[in-house]
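The values are calculated or read from the model by the stated rules, or taken from the named source; none is laboratory data. These numbers were taken from a predicted model, which means no experiment stands behind them. Cβ placement follows ideal geometry from the backbone for every residue including glycine, while neighbour counts extend to all protein chains displayed. When the accessible area is computed, the model is the full protein with side chains, heavy atoms only, and any ligands, DNA or RNA have been set aside. Shrake-Rupley method; radii C 1.70, N 1.55, O 1.52, S 1.80 Å.
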Amino acid sequence: MRVLLLFFAALGQIVSANAAPTLAVYTHSEGEILPLDAFQSIIWHELQHSLEHNALFVDRLDVRTVDLMRRNRLTSLLEMHVTWKVDVIRLQNGGVVGGYFPTIETTEWSISGQKLEAQTKWQTVGNVSLFQVKEGPTNEYIAIPELALQNAVDVALQPVEAPTWKHQSAGLNVPVAILADEEYRAFYGDDWKKTAQLRIARANAILEPTGIHLDIERFEGWRSKDSRRSSLSKLLDNMAVVPRRDPREIRVGFTQQTQLAAGLQRNIEDVGRAHLPGRDLIIADQALAPGHKAKWDIAEEGVVIAHEVLHAFGIPHQNQPFRLMAGSKTGTVHRLSESTIALAKSAVSARYTHWDRVAALNILSNTASQHLQNSWDQINYIADNLNYGPGVPAPGTLQPSTLSALTNLALGHFYLRMAKENPGGAINLARGALVHSESALKTKPNWVPASQLREAVQNFQETTIPESILHLSETNESGGACNSISGFRASSPTCD
């Protein structure tokens, strides 16, 4: 169904004085209309848009908060308290519709000695944000509390002045190419590059704790398949065949070949896709989505870009609501879990800084064993991040007995995939896979994933490699094309 945004009434605001510059924020709420995480994420994104700063959220107003603020060179704090009330709107057709609207009490506190003292206070009264459903059994109206809160926070933070300094954290530049389809470029005209840059900048703000900084190196157009019903997975595959200039770059594609306007409730898979792990991701432009508002398009797409970039680094969905890598879309979030940060740091380090393959293998394997539960996730995270970085060593290069069971399992699976995709080197690759699977079983006897790998390799050898070629290869152990397989690529699954 298609929806039309209608705003009713204007936001009211009472301001007693201008607030001093501050980025420390203490939040609390009455009622369970929206979780506190959602309130904080809206504040975070609004501060990014208005002041280009992050928020330091605290959970109390006491001496510990004062110490934390001083360590972060902050002298003042915003306390924001949201309450929800119900309002009934009378429509022009005589009908009525009800919904929740927020009121935000904002107090500015400043440090005085070892405590915080209140300096000024203001109130922002929000409004009900209604959408009219234009298609369906009835022309109904829907109240959206999240959008009502976005509008109220926008006004509530207007008195806050931008600090004169910015925190600059060290990060690792990840080369990025922006690809935009013809519909995207036509929609934004001469501003399409600037539009994409704003979204990448928001993603960088979200990714800051991981040390990842997406560094745009070039822009180019690509021609997507002309169908509004094209799935993002198909469009991602369509973009992936575009010749790649730099094997180590992450390519971010923007498209308007979507049906975002078809529904109000959207999941994360509706707005982004990436190969897991991989080097390509695609983003559906939010300008076609219900409730289009330019600055929140930037926030929404920044979240999706950050989410999909981490998929490209091999990080799967995690069962942690209101965190960036949650499997379901739970609003315009900004927080990352500790496990996501650890996995991201190891992956980007292995791809872009560890030219010693053994060192890269060790860091990937250790992090995967601590923060990933699923064996396939561990295998893909280790092998593909190594492949996209310094490259996977050829079979026989590493001594299996010196590697962990998980590292042997990851290498074995990678060699088997390469054997299936590269018949010319299948013999040595399959042998390498078998050696590493058996080494994993020596370390962890009866380990099911390793037993399954060994069985798969044996079946591959028996059914795919002719016996005459197998015997011939025994007299030639040079490995041929398999001496370096870092340029080969196994197929990657897509992930939303």
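Observations
- Selection status of Asp37, out of contact with any strand residue (DSSP E or B) (no Cβ under 6 Å at 6 or more places or on another chain), open to solvent by 50 Å² or more (accessible area, probe 1.4 Å), at pLDDT 90 or above and of a type in the set (Asp, Glu): no
- Take the conditions (1) over 23 Å from Tyr188 (Cα atoms); (2) crowded, with 21+ Cβ neighbours inside 10 Å; (3) modelled with pLDDT under 85; Ala312 misses just one of them, which is (3).
- If you go through the stretch 47-59 and keep only what is at pLDDT 90 or above and not in a strand (DSSP E or B), you end up with just Asp59.
- Members of the stretch 61-81 that are modelled with pLDDT of 90 or more and of a type in the set (Lys, Arg): Arg64
- Residue list for the stretch 348-362, restricted to those being without any contact (Cβ under 8 Å) to a residue 60 or more places away in the chain and either among the acidic types (Asp, Glu) or crowded, with 19+ Cβ neighbours inside 10 Å (or both): Ala350, His354, Asp356, Ala360, Leu361
- Reported count of residues in the stretch 328-345, each being closer than 20 Å to Ala38 by Cα and either acidic (Asp, Glu) or open to solvent by 30 Å² or more (accessible area, probe 1.4 Å) (or both), is 5.
- Screening Arg64 with (1) over 30 Å from Ala203 (Cα atoms); (2) part of a helix (DSSP H, G or I); (3) in contact with a strand residue (DSSP E or B) (Cβ under 7 Å, 6 or more places away or on another chain) gives one miss only, at (3).
- Selection of the stretch 180-225 for residues being assigned to a helix (DSSP H, G or I), open to solvent by 60 Å² or more (accessible area, probe 1.4 Å) and in contact with a helix residue (DSSP H, G or I) (Cβ under 6 Å, 6 or more places away or on another chain) yields Arg185, Leu198, Pro209.
- Any chance Leu386 is among the aliphatic types (A, V, I, L, M), within 16 Å of His317 (Cβ to Cβ) and in contact with a helix residue (DSSP H, G or I) (Cβ under 8 Å, 6 or more places away or on another chain): no
- As a summary of the residue check, Leu74 satisfies the conditions (1) part of a loop (DSSP other than H, G, I, E, B); (2) of a type in the set (A, V, I, L, M, F, W, C); (3) without any contact (Cβ under 8 Å) to a residue 12 or more places away in the chain except for the one numbered (3).
- Of all the listed residues (Leu409, Leu470, Leu441), the sole one being over 30 Å from Ser328 (Cα atoms), in a helix (DSSP H, G or I) and at pLDDT below 90 is Leu470.
- Residue that is modelled with the highest pLDDT, among those in the stretch 246-274 that are under 13 Å from the mean Cα position of the chain (by Cα) and surrounded by fewer than 23 Cβ atoms within 10 Å (Cβ to Cβ): Glu269
- Entry remark, the stretch 87-139: residues being farther than 30 Å from Arg70 by Cα, at pLDDT below 90, part of a strand (DSSP E or B) and among the β-branched types (Val, Ile, Thr) number 5 in total.
- Residues of the stretch 76-107 that are in contact with a Pro (Cβ under 9 Å, 6 or more places away or on another chain) and either open to solvent by 60 Å² or more (accessible area, probe 1.4 Å) or of a type outside the set (S, T, N, Q) (or both): Val82, Trp84, Lys85, Gly99, Tyr100, Phe101, Pro102.
- Meets criteria (closer than 25 Å to Thr402 by Cβ, at pLDDT below 95, touching a helix residue (DSSP H, G or I) at 6+ places or on another chain (Cβ under 9 Å) and not aromatic (Phe, Trp, Tyr)) for Ala426: no
- Residue list for the stretch 31-46, restricted to those being part of a loop (DSSP other than H, G, I, E, B) and more than 17 Å from Arg323 (Cβ to Cβ): Gly31, Glu32, Ile33
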